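Notes follow the structure.
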Amino acid sequence: MSRVEAIELSLVEIPLVRPFRVSFGTSTGKQCVLARVRIDGVDGWGECVADDSFPGFSGEWNEGAWVLLRDVLGPALLAADDVTSADVEDHLRFVRGNPMAKATLVDAVLDAELRVAGRSLVSWLGADRRAVPCGVSIGIADSTDELRARVDEHLEQGYQRIKLKIMPGIDVDRVAAIRGDHPDILLSVDANAAYRPEDLDTFRALDELDLLMIEQPLHHEDLVRHAALQAEIRTPICLDESIRSAADAAAAIELGACRIINIKQGRVGGVLEAQRVHDTAAVAGVPVWCGGMLETGIGRATNLALAAMPNFTLRGDTSASARYFAEDLTDPFVLAPDGTMAVPDSPGIGIEPRPDRLETCTVRREVITAA
Ligand code: NPG
């Protein structure tokens, strides 16, 4: 019988080396909720990928996740008689939605359990790659020249795929300029749901630029119009925000709304549901890749293990810590000169926050224990 003894929630804040602009806003710092869950005397770590200042990417944001974790999800887990990673989702199922908050606890319990068992997450996932090839996501720049410079810089560092953020009015010309500079690179674009079906001309123009994919062009709830758009263009559509679960993935695939899926374990409710999305896509012959939410080393370690699974055949946004932070919360993840990153293989997620960094970066902390 394993009981959750305590859950420590920390709100951490780390400055970004550069502001990150996407179609719905700009981040200058990373703020996230971390959970340290103690089971059988061992700590496991989970990172919440909810937005910082308002729910722009999904319906979740840090203040909401904090209250939900502290007042509802955390107490439910603390009250359970026996907790294993296999049933955390069941213990939390009475709460609708909120997969990002739930993922924080699912991942932390799994991490603790694997640490007790002395087993790495990557081996538990049945993934055998020791390193994964990496891409990088480049935010909306102030000018085309600035974007060119950023692309060049990341290609020099070894990144094997470039993803450009786009929004209406800052799209075709910029992407065409980069394609002109680099005719042969793997290049994709991500709209973060900023376009409408009426923008078909833009997609037709992007369709001429030999892109690997167009990510989340339309509203996240609109699978039907994504399917209609996919029927009009050759470039594969990839869905991100639309996929909150394996059921969403199955629906999107069946409707023909996408040909590629971006898996963010933090967006779909944690590593277990991410595995299910992976398996659903694999059976349907739909390739997946690992997205990123500017995670600290905690979420990054979790993502890297997942990215080592067999159907993660496309390069992910698993970039080096230095792409985001001057100093990460953990020891940094480093890009090898060949554009790959080593997958942690120590027990659990294989890394933990450095105590000094945790102290420096924590802006709020609360420990909850069983009533
Ligand atoms: O490398 O972690 C990363 C960031 C990758 O572009 C990225 N993330 O929509 O996929 C996204 C985007 C994002 C990040 C969106 C943070 C919202 C918040």
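The values are calculated or read from the model by the stated rules, or taken from the named source; none is laboratory data. No experiment lies behind these values; they were computed from the predicted model shown. No Cβ is skipped: glycine too gets one built from the backbone with ideal geometry, and neighbour counts run over all protein chains shown. Note: accessible area is taken over every heavy atom of the protein model, side chains too, but ligands, DNA and RNA are not part of it. Shrake-Rupley method; radii C 1.70, N 1.55, O 1.52, S 1.80 Å.
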Problem - Residue list for the stretch 188-208, restricted to those being more than 14 Å from the ligand (Cβ to nearest atom) and either within 18 Å of Asp152 (Cβ to Cβ) or open to solvent by 40 Å² or more (accessible area, probe 1.4 Å) (or both) - result: Arg196, Pro197, Glu198, Asp199, Leu200, Asp201, Arg204, Glu208
Problem - Count - residues of the stretch 90-127 that are under 19 Å from Trp61 (Cα atoms), of a type in the set (S, T, N, Q) and open to solvent by less than 50 Å² (accessible area, probe 1.4 Å) - result: 1
Exercise for the section: Please go through the stretch 80-105 and pick out each residue that is in contact with a Leu (Cβ under 8 Å, 6 or more places away or on another chain) and either of a type in the set (S, T, N, Q) or within 18 Å of Ile243 (Cα to Cα) (or both). Expected result: Ser85, Glu89, Asn98, Ala101, Lys102, Thr104
Exercise for the section: Could you check, for the stretch 64-75, whether at least one of its residues is of a type in the set (Val, Ile, Thr) and within 16 Å of the ligand (Cβ to nearest atom)? Expected result: no
Completion exercise
Considering the stretch 211-234, residues that are of a type outside the set (Asp, Glu) and more than 16 Å from Pro197 (Cβ to Cβ), and then whichever is farthest from the ligand (Cβ to nearest atom), we arrive at Arg234
Practice task
Look at Gly292 and say whether it is open to solvent by 10 Å² or more (accessible area, probe 1.4 Å), modelled with pLDDT of 95 or more and within 14 Å of the ligand (Cβ to nearest atom).
Solution key: yes
Handout entry: Enumeration of residues in the stretch 139-187 that are farther than 25 Å from Phe333 by Cβ, within 16 Å of the ligand (Cβ to nearest atom) and out of contact with any helix residue (DSSP H, G or I) (no Cβ under 8 Å at 6 or more places or on another chain)
Key = Met167, Ile170
Fill in the blank from the handout: If we keep only residues of the stretch 301-319 that are more than 19 Å from Arg244 (Cα to Cα) and within 11 Å of the ligand (Cβ to nearest atom), then the residue surrounded by the fewest Cβ atoms within 10 Å (Cβ to Cβ) is Ser319
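Let's see how each residue does on (1) of a type in the set (A, V, I, L, M); (2) assigned to a loop (DSSP other than H, G, I, E, B):
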{"site": "Asp90", "(1), (2)": "no, no"}
{"site": "Ala103", "(1), (2)": "yes, no"}
{"site": "Asp111", "(1), (2)": "no, no"}
{"site": "Arg115", "(1), (2)": "no, no"}
{"site": "Asp128", "(1), (2)": "no, yes"}
{"site": "Ala141", "(1), (2)": "yes, yes"}
{"site": "His154", "(1), (2)": "no, no"}
Exercise for the section: Go through the residues of the stretch 36-50 one by one and say whether even a single one is surrounded by 15 or more Cβ atoms within 10 Å (Cβ to Cβ), more than 22 Å from His91 (Cα to Cα) and within 11 Å of the ligand (Cβ to nearest atom). Expected result: no
Practice task
Taking only the stretch 1-28 into account, find how many residues are more than 12 Å from the ligand (Cβ to nearest atom) and within 17 Å of the chain's Cα centre (by Cα).
Solution key: 0
Exercise for the section: Please enumerate the residues belonging to the stretch 57-88 that are surrounded by 16 or more Cβ atoms within 10 Å (Cβ to Cβ) and either among the polar types (S, T, N, Q) or in a loop (DSSP other than H, G, I, E, B) (or both). Expected result: Phe57, Ser58, Glu60, Asn62, Ala80, Val83, Ser85
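Yes or no, residue by residue, for (1) part of a loop (DSSP other than H, G, I, E, B); (2) under 23 Å from Arg267 (Cβ atoms):
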{"position": "Ala177", "(1), (2)": "no, no"}
{"position": "Val189", "(1), (2)": "no, yes"}
{"position": "Tyr195", "(1), (2)": "yes, yes"}
{"position": "Glu198", "(1), (2)": "no, no"}
{"position": "Ala205", "(1), (2)": "no, no"}
{"position": "Glu208", "(1), (2)": "no, no"}
{"position": "Gln230", "(1), (2)": "no, yes"}
{"position": "Glu254", "(1), (2)": "no, yes"}
Exercise for the section: State the number of residues belonging to the stretch 256-276 that are more than 18 Å from Trp45 (Cβ to Cβ), open to solvent by less than 10 Å² (accessible area, probe 1.4 Å) and more than 15 Å from the ligand (Cβ to nearest atom). Expected result: 1
Exercise for the section: Return the total of residues in the stretch 320-371 being surrounded by fewer than 13 Cβ atoms within 10 Å (Cβ to Cβ), among the acidic types (Asp, Glu) and touching a residue at least 40 places away in the same chain (Cβ under 8 Å). Expected result: 1
